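Trainee: Below you will find the structure I want to go over with you.
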Amino acid sequence: MGVSAFAKPNVVILATGGTIAGEAKSELATTGYKAGSLGVDVLINAVPDLVNIANISGEQIANIDSSNMTDEIWLKLANRINTLLKDSKVDGIVITHGTDTMEETAYFLNLVVKSNKPVVLVGAMRPATAISADGPKNLYNAVALASSKEAKDKGVMIAMNDKVYSAREVTKTHTLNVETFKAPNSGEIAYIVDGKVFFNSNSIKLHTKKSPFDIKGLKALPKVDIVYTYSNDGSKVAVEAFLNSGSKGIVVAGSGAGSIHENQKNYLIELLKDKKIVVAKSSRVGSGLVPLSAEEVEQGFVSANNLNPQKARVLLMLALTKTTDPKEINKIFEQY
Ligand code: ASP
């Protein structure tokens, strides 16, 4: 079935859980509820107007609180999306997802989905049972975005609270408020008014069809962990434990422009000398770039560019499927 100029687009909703599928005991409760409780059909049926903008079908991939997201679910989700988008009958994908780790899943998909058709993640900050639940409007907007012709070639996006963000740039910034997603280094790429999408910019980083990362046939991803820097933190305990548990890469959530306590840094330098691990310097600050000194380049550190630690982890895992050479990985961090 080809899509004629007048036919409604075919959008598949893949549900993974989250607050958008959450149920609380009272409609006043916006905390203490169970995320990932309602099924995909319930979410779709809660927004009868969806059928006016797209032909909708739904699939349940998982039903979890996204703080429990796993690489296994990521691989299942990404493989399913790649299969669906190869089908000429499918025009776009919407993924319902918890907001806690939505940015990580979105960025992972941005790097491994091999299609220029729209892929949109959406969630909610208030459970489906709450007064003024934000899920239904967010879902309507996400389907409108996934149905829109202009959304092609934009990479994976997040649609939340009437705004659209590129997966590369977006992060969650508030624990509870509906206005939680921001792109601190670049801003939103579009806004949605009454189902109409207005684009104004996009991330210039490479994604989807231009990304070399291929997860086909992969059963697991290289293990990468994050260590946090803070005052009086001179210990190598965390890094050592990660190393002993099989980590191939470490992202440091450094202070300021990626600074690492000297005791911890000296230990990392030792590991780099023996090529035991790849270390990407990121920052706990939340925006801005982490530069490397000429000495750090020599020592074998990688700059996470302006990716926050949780997203630097995603890119480092994928980079490690290609190479362990820090110079090559630095180039990857500049491009994606
Ligand atoms: N803990 C929830 C989740 O990430 C929060 C949410 O969806 O807003 O699944």
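Trainee: Please go through (1) among the charged types (D, E, K, R); (2) closer than 27 Å to Ala106 by Cβ; (3) out of contact with any helix residue (DSSP H, G or I) (no Cβ under 8 Å at 6 or more places or on another chain) for Lys311 and return the number of the only condition it doesn't satisfy.
Mentor: (3)
Trainee: Select from the range 55-73 the residues that are within 14 Å of the ligand (Cβ to nearest atom) and either among the basic types (Lys, Arg) or open to solvent by 50 Å² or more (accessible area, probe 1.4 Å) (or both) and list them in ascending order.
Mentor: Asn63, Asp65, Ser67, Asn68, Thr70
Trainee: Consider Gly32 carefully, then state whether it is open to solvent by 50 Å² or more (accessible area, probe 1.4 Å) and among the small types (Gly, Ala, Ser).
Mentor: Yes: the conditions hold for Gly32.
Trainee: Moving on to the next point. For residues that are assigned to a strand (DSSP E or B) and in contact with a strand residue (DSSP E or B) (Cβ under 7 Å, 6 or more places away or on another chain), tally how many sit in the range 152-207.
Mentor: Count: 18.
Trainee: Restricting the range 175-196 to residues that are within 23 Å of Thr31 (Cβ to Cβ) and under 16 Å from the mean Cα position of the chain (by Cα), which is surrounded by the most Cβ atoms within 10 Å (Cβ to Cβ)?
Mentor: Here the answer is Phe181.
Trainee: Let me ask something else about it. Filter the range 307-325 down to the residues that are open to solvent by 40 Å² or more (accessible area, probe 1.4 Å) and touching a residue at least 24 places away in the same chain (Cβ under 8 Å) and list them by number.
Mentor: Answer for the range 307-325, where residues must be open to solvent by 40 Å² or more (accessible area, probe 1.4 Å) and touching a residue at least 24 places away in the same chain (Cβ under 8 Å): Gln310, Arg313, Thr321, Lys322, Thr324.
Trainee: Checking the structure you have, find out if any residue of the range 12-20 is part of a helix (DSSP H, G or I), open to solvent by less than 70 Å² (accessible area, probe 1.4 Å) and within 11 Å of the ligand (Cβ to nearest atom).
Mentor: Checked against the condition, which is being part of a helix (DSSP H, G or I), open to solvent by less than 70 Å² (accessible area, probe 1.4 Å) and within 11 Å of the ligand (Cβ to nearest atom), the range 12-20 yields at least one hit.
Trainee: Please enumerate the residues belonging to the range 235-282 that are on the phi > 0 side of the Ramachandran plot and surrounded by 12 or more Cβ atoms within 10 Å (Cβ to Cβ).
Mentor: Gly258 - this is the single residue of the range 235-282 that is on the phi > 0 side of the Ramachandran plot and surrounded by 12 or more Cβ atoms within 10 Å (Cβ to Cβ).
Trainee: Regarding Lys76, is this residue away from the ligand (no atom under 16 Å from the Cβ), outside any strand (DSSP E or B) and within 26 Å of Ala220 (Cα to Cα)?
Mentor: Spelling it out, Lys76 is indeed away from the ligand (no atom under 16 Å from the Cβ), outside any strand (DSSP E or B) and within 26 Å of Ala220 (Cα to Cα).
Trainee: Moving on. So is Asp49 more than 25 Å from Ser147 (Cβ to Cβ) and either away from the ligand (no atom under 16 Å from the Cβ) or surrounded by 15 or more Cβ atoms within 10 Å (Cβ to Cβ) (or both) or not?
Mentor: No.
Trainee: Which condition from (1) in a helix (DSSP H, G or I); (2) within 12 Å of the ligand (Cβ to nearest atom); (3) closer than 14 Å to Pro127 by Cβ; (4) not β-branched (Val, Ile, Thr) is the one that Gly36 breaks?
Mentor: For Gly36, the exception is condition (1).
Trainee: Going by what's in this entry, would Phe199 be described as within 23 Å of Asn110 (Cα to Cα), modelled with pLDDT of 95 or more and open to solvent by 50 Å² or more (accessible area, probe 1.4 Å)?
Mentor: In short, yes.
Trainee: Scan the range 96-109 and report the pairs whose first residue is open to solvent by 10 Å² or more (accessible area, probe 1.4 Å) and whose second residue is at pLDDT 95 or above and away from the ligand (no atom under 11 Å from the Cβ), with Cβ atoms within less than 9 Å and a gap of 6+ or a chain change.
Mentor: Hits for this filter: Thr101/Gln310; Glu104/Trp74; Glu104/Gln310; Glu104/Lys311; Glu104/Arg313; Glu104/Val314.
Trainee: Being among the small types (Gly, Ala, Ser) and either farther than 17 Å from Gly135 by Cβ or in contact with a Pro (Cβ under 7 Å, 6 or more places away or on another chain) (or both) is the filter here; which residues of the range 150-181 pass it?
Mentor: Ala151, Gly155, Ser166, Ala167
Trainee: Can you give me the number of residues within the range 117-141 that are assigned to a strand (DSSP E or B) and either within 13 Å of the ligand (Cβ to nearest atom) or more than 18 Å from the chain's Cα centre (by Cα) (or both)?
Mentor: 2
The values are calculated or read from the model by the stated rules, or taken from the named source; none is laboratory data. Bear in mind that the values here come from a model prediction, so they are computed numbers and not experimental data. Cβ atoms come from the backbone with ideal geometry, glycine included; neighbour counts cover every protein chain shown. Please note that ligands, DNA and RNA were not included when accessible areas were found on the heavy atoms of the full protein model with its side chains. Shrake-Rupley method; radii C 1.70, N 1.55, O 1.52, S 1.80 Å.
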